[in-house]
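Working notes, beginning with the structure itself.
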Amino acid sequence: MCAMARPRKPLLSTDRIVQAARALVDAEGLAAVSTRRLAAELGVSGPSLYNHFRTKDEILEAVADSVSAQVDLSMFEDDREWRTALHDWAVSYRAALRDHPNIVPVLARGPGRRPAGLRLADAAYGAMVRAGWPPAQATSIGALMRYFVMGSALGSFAGGFVDDVSAYDPADYPHLGQAHLLADQQEKIDERAFETGLTALLDGLARQFEQLP
């Protein structure tokens with residue numbers, strides 16, 4: 001009679017480590033990530049992680065790049081007009097960061113050597129140059145969009161107000177009588193603010209584009 005084979009654990013891989021680290025960052029923040037904690041989550045010994053990543057920082061960089069890889073870049077590859085492409089890219093970019101807000105501080109450092117982050121920057125820059133923007137201004141546009149999207153993902157305006165009417169005494173804050181209601185409308189307010197700012201930003205760029213020699 002043959003003994004039943006024991007089920008094998010999934011082989012440790014770079015992708016498995018990144019997925020586990022991303023889930024940990026999403027759930028508990030950057031401080032929760034350590035090689036010991038990740039090894040426990042994956043059911044492996046700590047040293048085995050070093051076959052894939054040398055340091056915790058390398059793991060976090062890989063997590064950040066996996067989030068950048070979620071940003072849609074197809075708008076730079078089809079026939080969309082540059083303004084529409086920038087709008088659609090910003091929306092997709094923000095959606096990826098909104099789904100993984102705890103990794104934004106790592107992403108905010110810049111793409112560094114991260115492949116997906118570099119592809120993102122390359123696609124946006126290339127599309128603007130092809131559209132007729134001078135290279136220097138195309139670089140500035142990429143930086144501007146990154147500042148705007150990252151800033152919108154770093155925190156919530158509406159979520160910064162407490163649900164306590166007594167916190168906004170009209171004697172001290174005569175124009176914040178409804179501020180205690182903002183938190184309940186957080187998603188709607190933040191989305192509207194993002195679209196308002198994005199439209200204003202793109203309107204300004206369109207005026208600059210019309211004045212190009």
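Counting only protein chain heavy atoms and rolling a 1.4 Å probe, the accessible areas of Arg54, Arg36, Arg94, Arg16 rank, largest first, as Arg36, Arg54, Arg16, Arg94. Apply the a/c threshold of 1.5 to the C-alpha gyration tensor of the chain and tell me whether it is rounded, prolate or oblate. Taking the square roots of the gyration eigenvalues as a ≥ b ≥ c, the chain is oblate. Label-to-label distance for Leu30 and Ala95 is 2.6 nm, based on points extended 7 Å past Cα in the beta-carbon direction.
What residues from region 34-49 fall in the zone where the backbone N is under 20 Å from a label point 7 Å along the Cα-to-C-beta line of Leu11? Under 20 Å, as judged by backbone N against the label point of Leu11, lie 39, 42-49 of region 34-49.
Compared with the alpha-carbon gap, the fully stretched path from Asp88 to Val129 is longer by 13.0 nm at 0.36 nm per residue.
3J(HN,Hα) couplings calculated from phi for region 104-120 with the Karplus curve 6.51 cos²θ - 1.76 cosθ + 1.60 (θ = phi - 60°) are, in sequence order, 4, x, 6, 4, 5, 5, x, x, x, 10, 5, x, 5, x, 5, 5, 4 Hz; Gly and Pro show x.
Please find the FRET efficiency linking Ala167 to Glu187, where r is the Cβ-Cβ separation and R0 is fixed at 22 Å, and quote it to the nearest 0.05.
Once the sixth-power term is evaluated, E becomes 0.55.
Within the shell of other residues whose beta carbon sits under 10 angstrom from the beta carbon of Val106, the net charge comes to -1, with Lys and Arg scored +1 and Asp and Glu -1. Under the criterion of Cα pairs below 8 Å and six or more residues apart, the relative contact order for region 122-213 equals 21 percent. Electrostatic tally near Leu198: other residues with Cβ closer than 12 Å to its Cβ, Lys and Arg +1, Asp and Glu -1, net -1. If you run the Gaussian network model on the chain, springs between alpha carbon atoms under 10 Å, then out of Gly110, Gly43, Gly151 the most flexible one is Gly43. Taking all protein chains together, Ser68, Ser74 sort by accessible area into Ser74, Ser68, largest first [probe 1.4 Å]. Estimated at the nearest 10 Å², the accessible area of Tyr147 is 150 Å² with a 1.4 Å probe.
Gain on full extension, evaluated as 0.36 nm per residue between Tyr50 and Ser140 minus their Cα-Cα distance, stands at 28.6 nm.
What net charge is computed for the residues neighbouring Arg130, neighbours being all others with C-beta under 13 Å from the C-beta of Arg130, Lys and Arg scored +1, Asp and Glu -1? That sum, taken over residues with Cβ under 13 Å, equals -4.
Taking every DSSP helix (H) stretch of at least 4 residues in the chain, weighting each as -39,500 (n - 2.57) and dividing the sum by the residue count yields a mean residue ellipticity at 222 nm of -18500 deg cm²/dmol.
The values are calculated or read from the model by the stated rules, or taken from the named source; none is laboratory data. As the structure is a prediction and not an experimental result, all values here were calculated from the model. Here Cβ is always computed from backbone atoms with ideal geometry, including for glycine, and neighbour counts include all displayed protein chains. Areas reflect the complete protein model, heavy atoms only, side chains present, ligands, DNA and RNA absent. Shrake-Rupley method; radii C 1.70, N 1.55, O 1.52, S 1.80 Å.
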